[in-house]
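A short write-up of the structure that comes next.
The values are calculated or read from the model by the stated rules, or taken from the named source; none is laboratory data. Given the structure is predicted, the values throughout are model-derived calculations rather than measurements. All Cβ positions, even for glycine, are placed from backbone atoms using ideal geometry, and neighbour counts span all protein chains on display.
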Amino acid sequence: MSVTHTIGRRKTSVARVFLQEGKGTITVNKKDYKDYFDTPALHYKVEQAFAITETTGQYDVKINVDGGGITGQAEAVRLGISRALCEINPDFRPQLKPDGLLTRDPRMVERKKFGQKKARKKFQFSKR
């Protein structure tokens, strides 16, 4: 009964996922995931990898997630769970890959530049 440890990232969120065989409990930061992620859309994102691989209720998941917003955290958790499932059984990879669950989304917030109001917005130009 070994524990599989993987990391999922999205924007500035980092999710450390610990997956082991069990009854299907999912805890995020020592809370039930339905209490931590409040909307059904986020619940679906967390459960998505299990639904695709038809392994719902077979694994216990402990997750430590930090940084970013609630949606970025849910997507980081999804990536971490998908990677853990692929580590346990490589046959899950062809099922998860077409839905984009193994892809690290590279989009990040662009940095603010000096002499400008934001990343792309400039200060108002005055000719006279």
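A few comments on the model shown:
- Residue match in the stretch 69-85 (condition: over 17 Å from the mean Cα position of the chain (by Cα), touching a residue at least 40 places away in the same chain (Cβ under 8 Å) and surrounded by 13 or more Cβ atoms within 10 Å (Cβ to Cβ)): no
- Residue check for Lys45: charged (D, E, K, R) and surrounded by 18 or more Cβ atoms within 10 Å (Cβ to Cβ): yes
- Failed item in (1) within 25 Å of Pro98 (Cα to Cα); (2) modelled with pLDDT of 95 or more, with Thr56 passing the rest: (2)
- For Ala84, the test of being among the hydrophobic types (A, V, I, L, M, F, W, C), in contact with a helix residue (DSSP H, G or I) (Cβ under 8 Å, 6 or more places away or on another chain) and assigned to a helix (DSSP H, G or I) is failed.
- Test for Ala15: is it part of a strand (DSSP E or B), small (Gly, Ala, Ser) and under 18 Å from His5 (Cα atoms): yes
- Only one of Gln73, Gln116, Gln95 that is in a helix (DSSP H, G or I), in contact with a Phe, Trp or Tyr (Cβ under 9 Å, 6 or more places away or on another chain) and of a type outside the set (D, E, K, R): Gln73
- Here Ala41 meets each of (1) over 17 Å from Arg104 (Cα atoms); (2) assigned to a strand (DSSP E or B) with one exception, condition (2).
- Scanning the stretch 1-36 for residues that are in contact (Cβ under 8 Å) with a residue 24 or more places away in the chain and of a type in the set (Lys, Arg) gives Arg9, Arg10, Lys11, Arg16, Lys23.
- For the stretch 52-68, a tally of residues being without any contact (Cβ under 8 Å) to a residue 12 or more places away in the chain and part of a helix (DSSP H, G or I) returns 0.
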